[in-house]
1. Would you please name the residue that is nearest to the chain's Cα centre (by Cα), looking only at residues in region 158-182 that are closer than 14 Å to L112 by Cβ and aliphatic (A, V, I, L, M)?
2. Identify all residues within region 416-460 that are open to solvent by 60 Å² or more (accessible area, probe 1.4 Å) and part of a loop (DSSP other than H, G, I, E, B); write none if there are none.
3. Tell me which residues, restricted to region 306-315, are of a type outside the set (A, V, I, L, M, F, W, C), in contact (Cβ under 8 Å) with a residue 12 or more places away in the chain and open to solvent by 30 Å² or more (accessible area, probe 1.4 Å).
4. Which residues, counting only those in region 249-278, are without any contact (Cβ under 8 Å) to a residue 60 or more places away in the chain and over 19 Å from S489 (Cβ atoms)?
5. With Y159, Y125 as the choices, which residue is in contact with a Phe, Trp or Tyr (Cβ under 9 Å, 6 or more places away or on another chain) and of a type outside the set (A, V, I, L, M, F, W, C)?
6. Out of S290, S264, which single residue is crowded, with 17+ Cβ neighbours inside 10 Å and among the hydroxyl-bearing types (S, T, Y)?
7. Check whether at least one residue in region 338-353 is of a type in the set (A, V, I, L, M), open to solvent by 60 Å² or more (accessible area, probe 1.4 Å) and either within 21 Å of the chain's Cα centre (by Cα) or under 30 Å from L88 (Cα atoms) (or both), and report yes or no.
8. Among the candidates L148, L168, which residue alone is open to solvent by less than 10 Å² (accessible area, probe 1.4 Å), in contact (Cβ under 8 Å) with a residue 12 or more places away in the chain and over 14 Å from A309 (Cα atoms)?
Amino acid sequence: MEAEPPLYPVAGAAGPQGDEDRLGVPDGPEAPLDELVGAYPNYNEEEEERRYYRRKRLGVLKNVLAASAGGMLTYGVYLGLLQMQLILHYDETYREVKYGNMGLPDIDNKMLIGINVMPIAALLYTPVLIRFFGTKWMMFLGVGIYALFVSTNYWERYYTLVPSAVALGMAIVPLWASMGNYITRMAQKYYEYSHYKERDEQGPQQRPPRGSHAPYLLVFQAIFYSFFHLSFACAQLPMIYFLNHYLYDLNHTLYNVQSCGTNSQGILIGFNKTVLQMLPRSRNLIVVESVLMAVAFLAMLLVLGLCGAAYRPTEEIDLRSVGWGNIFQLPFKHVRDFRLRHLVPFFIYSGFEVLFACTGLALCYGVCSVGLERLPYLLVAYSLGASAASVLGLLGLWLPRQVPLVSGAGLHLLLTVSLFFWAPKPRVLQHVWILYVAAVLWGVGSALNKTGLSTLLGILYEDKERQDFIFTIYHWWQAVAIFVVYLGSSLPMKAKLAVLLLTLLVAAVSYMMMEQKLRQGVVPRQPRIPRPQHKVRGYRYLEEDNSDESDAEGECGAGGGGRRGEGGEEDAALPAGPRPGPEPAGFCRRPCPYEQAQGGDGPEEQ
């Protein structure tokens, strides 16, 4: 009986062709070593390098999209919850039935004070926090504090709402400063990965040409602000799909309102104290807040899981090692730079115009005339106009960089002058299309303003050692402007429009003066960034002391038997000139292969 052939060939066994496989290469123990461990015959180093850097570029795009989506969801949840919360707490019946004499209006006032006042101190701690945690982890921490603010609305009490609002106010400037720094760093990294051959020719220590990352920065900022401005539309979803079903119509809420628009004073004087025709069930409120909490948690996961690091680990160490005192002082020292001084009015106006869109245009012109039930649709129009117009920031690829910024300022100038002479009548819907057009156009101007300013800062300040300071100053001035708007909320509308118009004119003129100085070749005065001082010596920083040496080697070095490296004190003590023969290996030093071949005297042989 013949034996059946094995189902699988035995390793090393001779096949039908003897000890050779189908390619003619001997198999088994006689196989040549080069065929097993040698280089892959079809390996193309250039192609593999190209694929590697293509994956790196895709990773950068993933980081930008994840950070943009995380910022959109975070700000959308915050605005939507705050808007719904303030409307519910405004209603007298809701306060009396749900909370009795707890003093809910006083809690809301203190909560708004915490959100608007705390960012004033942000210039003192924001750079320290960003350098301590790192850019990505500061973003994650800021998004987490926003989620904390959402979670406290499950149990609305003084000791939950007010502390969370204070924490939120402290996180506003660090979060958005780190976001701006992160997008700028991603543009610089994308340039490095796209021009890796030039970088290899120039050397890793050679900096790229100035302005080389500007095209990528324009694209990434357009993507970021397209997502960010959609947050205003996302914030209206709780109003559209939940709260609008409980609101009275405009004939009830606007019954005592006498003047709107430019003739109004304060915010919604005469607005009815009851805006809810029936109270929402607590179970439904918990469902809505749970959805908002889930979205905030999703934003945290996006930042944590999909956003890569903005700097290499050694770069993070370098940024921290300039000294915490210097990190604290450097934002103030950057005031010496005339470019920042000329841009401060634009920073302030950037805060003014966002608050005017949400309070002045939407409330004093919109809600005052067409009712509270149309507020979400006005803000959606503003959001979609701003999001679509953020793409116009790409005009900077072909036009001078002044064009988008000045165009947005010019559009806001025309709208502000027009609003100065317009007073819509309460409870009249014939002019509602004018409100929608004004909201869309204001959104277009806001998009050009935000995209232009962030791109300009990323182009003017390319050094990675100072970008977090610059974006901290930018968002701090925005926070100061928002605080000023909060203080002046009771002023007449004509006064608000006059301040807005004056700030816009000063900002435009100051910016053009800055561009004129740059064309004339005036050199800005930038503070010097101190060199990193590394207290912990690791493998990356081997200076005079060898941090990788063992205890025995350290004792030998202290005894004078070893050398500390080139340029050390021991080397200086040796006489100059050629040294005859191999240097004898001292105790505690392992002989080199040449010394071993000559019969070395290592510690094992002694």
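The values are calculated or read from the model by the stated rules, or taken from the named source; none is laboratory data. Everything quoted here is computed from the prediction, not taken from an experiment. All Cβ positions, even for glycine, are placed from backbone atoms using ideal geometry, and neighbour counts span all protein chains on display. These area figures cover heavy atoms from the full protein model, side chains too; ligands, DNA and RNA do not enter into them. Shrake-Rupley method; radii C 1.70, N 1.55, O 1.52, S 1.80 Å.
1. For region 158-182, the residue satisfying everything is I172.
2. F421, K425, R427, L429, Q430
3. Of everything in region 306-315, just one residue is of a type outside the set (A, V, I, L, M, F, W, C), in contact (Cβ under 8 Å) with a residue 12 or more places away in the chain and open to solvent by 30 Å² or more (accessible area, probe 1.4 Å), namely T314.
4. Passing the criteria: H252, Y255, N256, N272, Q277, M278.
5. None of the other options fit; the residue is Y125.
6. One residue alone meets the criteria, S264.
7. no
8. L168
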